[in-house]
Amino acid sequence: MRLLTTFICLLAFATVSAQSPTALKSLDAKTAHYGDLAKQIWDLAEVGYQEEKSSMLLQQELKQAGFTIEAGVADIPTAFVASFGSGKPVIGLLAEFDALPGVAQEAVPEKKEIDGQVAGHACGHHLFGTASTAAAIALKEWLISTGNSGTVRVYGTPAEEGGAGKVYMVRAGLFDDVDAVLNWHPSDGNSADAGSTLSNKSAKFRFHGVSSHAAAAPQFGRSALDGVEAMNHMVNLMREHVPETTRIHYVITSGGEAPNVVPAFAEVFYYVRHPEMKEVKSIFNRVVQAAEGAALGTGTTMDFEVIHGSFNLLPNETLTRVVHDKLEQVGGVTYNAEELAFAEKVSSTLPEARQKKLASANEIQPFRAPEKPYSASTDVGDVSWTVPTTALRTATWVPGTSPHSWQAVAAGGMSIGVKGMMVAAKTMTLSGIEFFQNPELLAKAKAELERRRGPGFKYEALLGDRKPPLDYRN
């Protein structure tokens, strides 16, 4: 009996192994199609909560593949959930598609803005959403061909760049029945790390004063700009008395209109970051107190609007080790002659300290579980506290390229970006197949999540009960 059981297990493994190359060949055959889809979204370059056409392109692709679409979820017109299959396990894939304002760049290896365009995909979300869609369709085809039960689900998640779209989707309970979430991000290299990020909370602080002639009757005015500047000064003094890993940054978004008019209105936009969400809550409350004191001291009034808040990323080493193994199986990005020439020109524009060997685009970095979090924030963090979540990065940009740069936009708009995108799609497909086939793995991942969250965890969004800020980019 034991020999028979072993034989059956080996046969099942052989069947899965045989079908994995089939799934990869299917993706290879559709590379040009998915590259065109990503380029359409790259051309649209729609910013957070305004991604109507980009979201619809992904929805149409999934609908044509047989997915059921639920659009406008969580009170967000551009958010959607696309599902195929039934029953357990439920494997989710995140799909982003928002662009960044102020980074409009042509797909050429020198800085060249696109006339009349105000945004660009400097973080590669056009590739992100497309790769996740491609992987979901490949997983759907695998489910059909094998007769396996389970559900593959794509989450169309708008406004990652400061709009916290996923937080509202988590808050709405859309991830409550999911067993594992696959997530990836464009980068300048290939890796799958069990690392964390910074938690983040932001708000716009608005000061209201009394306008007056700044020379003839200043005594009758109360400057809202004084309120902003007093707040900024107090917060800058506070930097000495917060944990060293804290990050606080701000920009004055409105400071008055004319020097000879005492400003009746002024606004400052703040971000507060820390590796732990509990610290973010505490430090943010101190920033609010500084704003209240500034208003009191300048004779103005103040109100504030929380714009977004996201948890730190909770890594899941159980799932990520699987993803790393699949990434090694797929391999990195190899440049052809044209791409190499492009990459050499882009690399020459990078600071010397950031320049890397171009061959590293074909390398897979060793698995790591770093203690120090990455110095960035993402609304994937809230997802990761709700359901076991894993991620990888692939070389969609020239090695050494920083996100949110014109160099990232340029590479993301040509074949280098598409090649890295397909590495991600293939890796997620192979990982998803493993998740569907391995209930013990999913159980272990869930146990790790519960251990990392700690006893008695109850999800409460950092942004409270506010509605999605659909106009935050206006």
Q | Close pairs (7 angstrom Cβ cut-off, 6 or more residues apart or separate chains): free of Cβ contacts under 8 Å to residues at least 60 places away in the same chain and over 17 Å from PHE175 (Cα atoms) in region 135-161, part of a helix (DSSP H, G or I) and of a type in the set (A, V, I, L, M) anywhere | A | none
Q: Output the number of the condition that GLU229 fails; it satisfies all remaining conditions of (1) within 19 Å of THR300 (Cβ to Cβ); (2) buried (at least 22 other Cβ atoms within 10 Å of the Cβ); (3) of a type in the set (D, E, K, R).
A: (2)
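Across region 324-343, what is the number of residues that are acidic (Asp, Glu) and closer than 29 Å to ILE433 by Cβ?
First, the residues of region 324-343 that are acidic (Asp, Glu): 325, 328, 338-339.
Remaining after also requiring closer than 29 Å to ILE433 by Cβ: 325, 328.
So the answer is 2.
Report those helices (runs of 4 or more DSSP H) wholly inside region 402-474 carrying at least 3 residues which are surrounded by fewer than 17 Cβ atoms within 10 Å (Cβ to Cβ) and β-branched (Val, Ile, Thr). Can you show your working first?
Values: elements: 406-412, 415-437, 439-453.
Answer list for region 402-474: none.
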Q: Six or more apart or on different chains, Cβ under 9 Å: which pairs go from a residue in region 365-379 that's closer than 7 Å to LEU198 by Cα to one that's of a type in the set (Ser, Thr, Tyr) and surrounded by fewer than 15 Cβ atoms within 10 Å (Cβ to Cβ)? Could you list them?
A: PRO373/THR245
Q. Which of the residues spanning region 367-415 are within 19 Å of THR245 (Cβ to Cβ) and among the aliphatic types (A, V, I, L, M)?
A. ALA369, ALA376
(Q) Please go through region 72-123 and give me each residue that is open to solvent by 20 Å² or more (accessible area, probe 1.4 Å) and among the charged types (D, E, K, R), ordered by number. (A) ASP75, LYS88, GLU106, GLU110, LYS111, LYS112, GLU113, ASP115
Q | Residue among ALA134, ALA107 that alone is modelled with pLDDT of 95 or more, of a type in the set (Gly, Ala, Ser), closer than 20 Å to ILE416 by Cβ and part of a loop (DSSP other than H, G, I, E, B) | A | ALA107
Q: Having 1 or more residues that are among the small types (Gly, Ala, Ser) and either under 29 Å from TRP385 (Cα atoms) or open to solvent by 30 Å² or more (accessible area, probe 1.4 Å) (or both) is the bar; report the helices (runs of 4 or more DSSP H) wholly within region 271-371 that clear it.
A: 277-298, 337-348
Q: Identify the residue in region 163-191 that is over 27 Å from VAL423 (Cα atoms), in contact with a Leu (Cβ under 9 Å, 6 or more places away or on another chain) and of a type outside the set (Val, Ile, Thr) and, among all such residues, is surrounded by the fewest Cβ atoms within 10 Å (Cβ to Cβ).
A: ARG171
Q. Looking at region 157-197, which of its residues are part of a loop (DSSP other than H, G, I, E, B), in contact with an Asp or Glu (Cβ under 6 Å, 6 or more places away or on another chain) and on the phi < 0 side of the Ramachandran plot?
A. PRO158, GLU160, GLU161, ALA194
Q.
Report every pair of residues separated by at least 6 positions or lying on different chains whose Cβ atoms are under 7 Å apart, first residue within region 38-64 and touching a residue at least 12 places away in the same chain (Cβ under 8 Å), second part of a strand (DSSP E or B) and surrounded by fewer than 19 Cβ atoms within 10 Å (Cβ to Cβ).
A. VAL47/PRO101; GLN59/ILE69; GLN59/ALA71; LEU62/ILE69; LYS63/ILE69
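The values are calculated or read from the model by the stated rules, or taken from the named source; none is laboratory data. Just so you know, these numbers come straight off a predicted model, no measurement behind them. Neighbour counts run over all protein chains shown; Cβ positions are idealised from the backbone, glycine included. Ligands, DNA and RNA are stripped out before the accessible areas are found, and what is left, the full protein with its side chains, is counted by its heavy atoms. Shrake-Rupley method; radii C 1.70, N 1.55, O 1.52, S 1.80 Å.
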